[in-house]
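Okay, structure first, notes after.
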Amino acid sequence: MKFDVVTLFPDMIKNYCSESIVKRGIEKGVIEVSTTNPRDFTHDKHKKVDDTPYGGSQGMVLMCQPMFDAVESIERIDNSELIMLTPQGEPFSHKISKELASFDQLILICGHYEGFDERIRLGLKPREISIGDYVLTGGELPALVLIDSISRNISGFLGKDESALDDSFSEGLLEHAQYTKPREFRGMKVPEVLLSGNHAEIEKFRANERLERTKARRPDLII
Ligand code: ADE
């Protein structure tokens, strides 16, 4: 999977991707992350990428030309999808994450300031995705949320001990509780069944926990 991120702040993307499991995924060659900066496609000496909105109001709006040129400079491969991060997009979910993991290239367009000139939407026709009903200062964190989450659904990204199969949402429920050593901490004991070695009983216990947790915390997930 190749992620191409169109951003005015490439270091935000590069810094995150140079740590931990995402870094390892890049080193293993399972994913690739590149950035393209619209500022590099400006033609004036101030490298202007935004301007005041027609009709008046607060803030600055991202201009068409640097954004179109930046997106169009990226080499598209077969099986590629163009995505714009915006609070007005369809809500991101585990289902969409899995669906997007089947592409070979995702081009992620990050906004900043008050938003995009509407003609960027109309001309480039990206799929618009939101990571939640709140507004961030830019699309970089949302792009990273997508990269991180989608990568977990690509085979070979996680180590064999880190399967995504047990994760919350993978079967429509929240994950069961986890415990590690010691058996007792400040009077709190690990449930006896987990120490029993009886795998059928352990799975029954965990399945029940997933259901009970989901009912208590996220009843909306249970149809
Ligand atoms: N840009 C700003 N806020 C956002 C959000 N909630 N989701 C996606 N992109 C955004």
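Give me the one-decimal Kirkwood hydrodynamic radius in Å for segment 132-223, with the sum taken over alpha-carbon pairs.
Numbers: mean 1/r = 0.0620 Å⁻¹.
Every distinct Cα pair counted, the radius reaches 16.1 Å.
In order along segment 142-152, phi translates into HN-Hα couplings of x, 4, 5, 4, 5, 4, 5, 5, 5, 4, 4 Hz, rounded to whole numbers, per the Karplus curve 6.51 cos²θ - 1.76 cosθ + 1.60 with θ = phi - 60° and x for Gly and Pro.
Consider all pairwise Cα distances in segment 1-87 and report the whole-number % of them above 23 Å.
35 percent
Close amide H pairs (under 5 Å, H built 1.01 Å from N) link T36 with V5, V6, T7, residues at least 5 positions away or on another chain. Close amide H pairs (under 5 Å, H built 1.01 Å from N) link E128 with M84, E90, residues at least 5 positions away or on another chain. Separation between the V30 and V145 pseudo-spin-labels, each 7 Å from Cα along Cα→Cβ, expressed in nm? Placing both labels 7 Å along Cα→Cβ, they lie 2.2 nm apart.
Normalising by residue count, segment 75-200 has a Cα convex hull of 165 Å³ per residue.
The string of couplings for segment 37-44 from the Karplus curve (6.51, -1.76, 1.60, θ = phi - 60°) is 9, x, 4, 6, 10, 7, 10, 9 Hz, one whole number per residue in order, with x for Gly and Pro.
Shape annotation for segment 108-164: C-alpha extents along the principal axes are 45, 23, 15 Å, from largest to smallest. Dividing the C-alpha radius of gyration of segment 180-223 by 2.2 N^0.38 Å, with N its residue count, gives 1.43. Using C-alpha pairs below 8 Å separated by at least 6 residues, the relative contact order for segment 144-205 is 13 percent. Both radii are taken from the alpha-carbon atoms of the chain; with Rh as the Kirkwood radius, Rg/Rh is 1.08. Shown is the FRET efficiency for I77 and R127, computed with R0 = 22 Å from the Cβ-Cβ distance and rounded to the nearest 0.05: 0.85.
Simple point charges give the picture: +1 on the Cβ of Lys and Arg, -1 on the Cβ of Asp and Glu, and for segment 81-161 a dipole about the Cα centre of about 240 debye. Karplus-derived 3J(HN,Hα) values for segment 96-111, using 6.51 cos²θ - 1.76 cosθ + 1.60 with θ = phi - 60°, are 5, 4, 5, 4, 6, 5, 8, 7, 9, 8, 10, 9, 10, 9, 9, x Hz; glycine and proline are entered as x. Once backbone amide H atoms are built at 1.01 Å from N, F116 has L62 as its partners under 5 Å, excluding neighbours fewer than 5 places away on the same chain. Peptide packing: for 138-145, 96-103, 183-190, 72-79, the average count of neighbouring Cβ atoms within 10 Å per residue gives the ranking 138-145, 96-103, 72-79, 183-190, highest mean first.
Based on protein heavy atoms only, the chain ends up with 61 Å² per residue of surface accessible to a 1.4 Å probe.
The values are calculated or read from the model by the stated rules, or taken from the named source; none is laboratory data. Every value quoted in this text rests on a predicted model; they were computed, and no experiment measured them. Cβ coordinates were reconstructed from backbone atoms using ideal geometry, including for glycine residues, and neighbour counts include every protein chain displayed. These area figures cover heavy atoms from the full protein model, side chains too; ligands, DNA and RNA do not enter into them. Shrake-Rupley method; radii C 1.70, N 1.55, O 1.52, S 1.80 Å.
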